[in-house]
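Novice: First the structure, which I've put down as structure tokens, then a few questions once you've had a look.
Throughout, read-outs are computed from the coordinates displayed, never taken from laboratory work. Note that this is a predicted model, so its numbers are computed, not measured. Heads up, the Cβs are rebuilt from the backbone with ideal geometry, glycines too, and the neighbour counts pull from every protein chain shown.
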Amino acid sequence: MSNNNLDQLAAAQKANAEVMTALMRTAFEGMEKLAALNMAASREFFNASVSSAQQMMAAKDAQELAKINTEISQPNVQKLMDYSRSVYDLVTQLQQQVTSVMDSQYNNFSKKASATIAQTSAQAPVGGDVFAAAMKSMLDATNQAFGNMQNMAKQMTEIADANLQAASSVTAKAVGATKKK
């Protein structure tokens with residue numbers, strides 16, 4: 001192996017290590033945020049449960065107990081929707097960060113592959129241009145597939161967002177209807 005090949009191999013390994021480090025850092029930060037969100041939600045749920053139990057024990061009759069139960073359930077449904085939205089936002093943010101790292105890595109790979117194909121075809125012996133054309137065709141197909149994956153991920157995110165907003169709207173209407181009773 002020549003020094004040039006060893007340098008290229010070392011550079012590729014360094015780039016891969018940097019990508020893995022960025023992805024791991026993103027994953028750890030995401031887990032940290034999710035743990036903090038879960039701790040806050042657990043604390044709030046515990047405090048609300050204690051308060052609700054105290055209110056229910058203070059009820060004088062079944063009618064008052066039913067009224068208290070209705071009043072307690074409304075904010076809890078909203079808190080659940082807020083928590084779900086927070087988790088969704090966190091996952092969306094993590095997905096965007098990972099996609100950004102992967103896009104960058106793929107773009108670098110694609111540029112290097114195109115340059116290598118161009119260099120190889122310029123130096124190729126007779127008949128080597130057929131191999132270079134096949135490699136270029138394969139790279140173009142890979143680029144198209146990667147673009148399709150990005151579009152599909154974007155559509156999935158949009159569908160999930162629309163579903164979450166629809167669920168929030170239905171929940172808000174249900175909570176509003178319960179308050180009117």
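Novice: Karplus couplings for region 71-80 from phi (6.51 cos²θ - 1.76 cosθ + 1.60, θ = phi - 60°), rounded to Hz, Gly and Pro as x?
Specialist: 5, 6, 5, 4, x, 5, 5, 5, 5, 5
Novice: Here is the link list: 14/154; 79/154; 33/60; 33/111; 112/154. Which ones come out longer than 32 Å on Cα distance? Before the final figure, lay out each step's value.
Specialist: Numbers: 14/154 30 Å; 79/154 28 Å; 33/60 43 Å; 33/111 35 Å; 112/154 26 Å.
In this structure, 33/60; 33/111 lie more than 32 Å apart at Cα.
Novice: Could you tell me the ratio Rg/Rh of region 1-94? Both radii from Cα atoms, Rh via Kirkwood.
Specialist: 1.44
Novice: Let me ask you something else. In percent, what relative contact order does the chain have, based on Cα pairs under 8 Å that are 6 or more apart in sequence?
Specialist: 29 percent
Novice: Could I ask something else about it? For region 134-173, what size does the Cα cloud have along each of its three principal axes, sorted from largest down, in whole Å?
Specialist: Computed over region 134-173, the largest-to-smallest principal extents equal 58, 5, 5 Å.
Novice: Have a look at 74, 87, 122 and report the one farthest towards the positive end of the charge dipole of region 3-180, computed about the Cα centre with Cβ charges (Lys/Arg +1, Asp/Glu -1).
Specialist: Highest projection toward the positive end goes to 74.
Novice: Follow-up question, since we're still on this one. With n ≥ 4 as the cut-off for DSSP H runs, can you work out [θ] at 222 nm for the chain, using -39500 (n - 2.57) per run divided by the number of residues, rounded to the nearest 500? Don't skip to the answer; put the middle values down first.
Specialist: On the way: 3 runs with 170 residues, N = 181.
Computed ellipticity for the chain at 222 nm equals -35500 deg cm²/dmol.
Novice: For residue 135 paired with residue 17, estimate the spin-label separation in nm (one decimal), with each label point 7 Å from Cα along the Cα-to-Cβ line.
Specialist: Modelled inter-label distance: 2.7 nm.
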